[in-house]
Structure formats: structure tokens, C-alpha cells
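Please read the structure below before turning to the comments.
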Amino acid sequence: MTARTAGDHGGSAENAEPDADALQRLAGRHQTGYRSVGVMAYDILRDAILNGTLVPGQKLRQETLAETIGVSRLPVRSALIQLEADGLVEFHERRGAVVKSLSVEQAREVYDIRILLEVEALRISMGRMTPERLERLRELGRTADVEEEGADFVDARTEFYAELYDAARNPVLWEMIEQLRLKVGRYVLGWRLVNSDDHVHSHEELIAAVAAGELDPAIEVLRSHLTRVRDAVLELLAADGVAAAGAAEQKRR
């Protein structure tokens, strides 16, 4: 799988048709174990956005998506509304639904807020850490480190951080963090794929600091990790912006 951005479509992601084969493969993975077609459609489209099959700025035609993944328009419509709430899709009066894009400034703001919220979540969670939760964190950390790409990576990290931040006892705080994580998830995947050889997981170091009950070192590990990923994502977005501007200029000529 390769990471794709709006720039890969010559700056015209809105008019590009979705990769039907990739969507159908995703649909095949999600065709069993669902009690609701709507939930299945949501998972397929969410995965397609997170792994780059549907790129930022791309128009999401409900008829095309429904036909491609083998469902009716209604569950697709419901899925797009939920994805809008997640911050992955936006609706325009004339253009309809499109995959939401982030500017460099917006991504920077997301990470600034994430650092504030996640440091606070870690502080609260460490104050009531238990041996059972620590063992669960170790298991989830190992699983997250194995996953390399796509929605499986996103899901594995979600489980890890939900446990780290004690999501069950801090549901509102966790919901805010998760919404922000989703906004930049696809760009983190793009960076990981481009830089897979020198990617370093931070779960082991963070878990060690949490296990030692050392709040300040744990916060420093977390802050350093978020800052490093933020800088890489901003660099990727800036490069995409330059590529898209160049493509638009070439098209005008």
C-alpha cells in the first residue's frame, strides 16, 4: 500500500473517482460479523479515508460508493454523516460530501490541543494506575508495535491510548482526544509509510515511565513523541501544499 494525498491526483482530488478495487477489497474484509449495514459502511469508508484510498479533497458520490461497496445509498449517507461528526468528511451546499482536508495551521492547532489534553489525561490516569492495567498496557503496546499500516494500526493505537488514559473513567476527555486523533490519523499513516525504515515506536519507553510511577518523565516521553509526529505531519502537509500549488499552476498554463 502507498500513502496518497490530494497532490497525487494533480490537485484535482475532488473530481477523481475512488479506487474501486481498493474499496471492494475493504468491503470484502468487512462483510462478516456485522449486525448493521450502516456500521459496516461506516467502517469501510473510515478505513478508506485513513489508509488513503479516499484522499483529502476527494468528492464522495453516494451512488458510486454504494455501488462499489455493495450497499444501498441510505447506509452510505448515514456513514458520511457520522464521518462528518468524526471530522473526516465535510458537506458543502453545492459539492456535496468531500474528504476533509487539513491545512498546516489547522494541524498545528490540533497537536497543540492534543498535547494539553493528553498530558492532563496521563496525569489523571497515572494517579490511579493498577498492576492489572499496566499488564494490559504492555499487551496492547506489543500489539500496536506489530501493526505497520492502515486502519489496523489506527485501531491498535486507539486501544493502547484508551487504556493509557483510562477512557472508561474519563469518557468526555477521551472523546475529545479521540476526535482530534482521527483528524490527523491519515497523515500520521502517510508519514509512517514514507519513513517506515526509521520509525521508532515509543510505547516501551512510555510504559516503563508509567510503571515506575514517574509522572514528569512519562509526560516528557509523551510530549516528545507528539511533538516529533507533529513536526513530521506538518512537513508532509507543507510538501503536499507545494505539490498541489505546482500542479494547479501547470494546469493553468
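Looking at the square roots a ≥ b ≥ c of the eigenvalues of the Cα gyration tensor of region 22-146, which shape do they give, rounded for a/c under 1.5, prolate if a/b is larger than b/c, or oblate? The shape class here is oblate.
Residue 207: net charge of surrounding residues, Cβ under 13 Å, Lys/Arg +1, Asp/Glu -1, itself excluded? Intermediate values should be presented prior to the final figure.
On the way: positive: 133, 136, 138, 142; negative: 135, 139, 145, 163, 204, 205, 214.
Residues close to residue 207 contribute a combined charge of -3.
Counting Lys and Arg as +1 and Asp and Glu as -1, what is the net charge of the other residues whose Cβ lies under 15 Å from the Cβ of residue 81? Don't skip to the answer; put the middle values down first.
Values: positive: 46, 73, 77, 100; negative: 43, 84, 86, 90.
Once all neighbours under 15 Å are counted, the net charge is 0.
We did not get these values from a lab; they are worked out from the coordinates using the rules stated. Keep in mind the model is a prediction, meaning the values are calculated, not measured. Here Cβ is always computed from backbone atoms with ideal geometry, including for glycine, and neighbour counts include all displayed protein chains.
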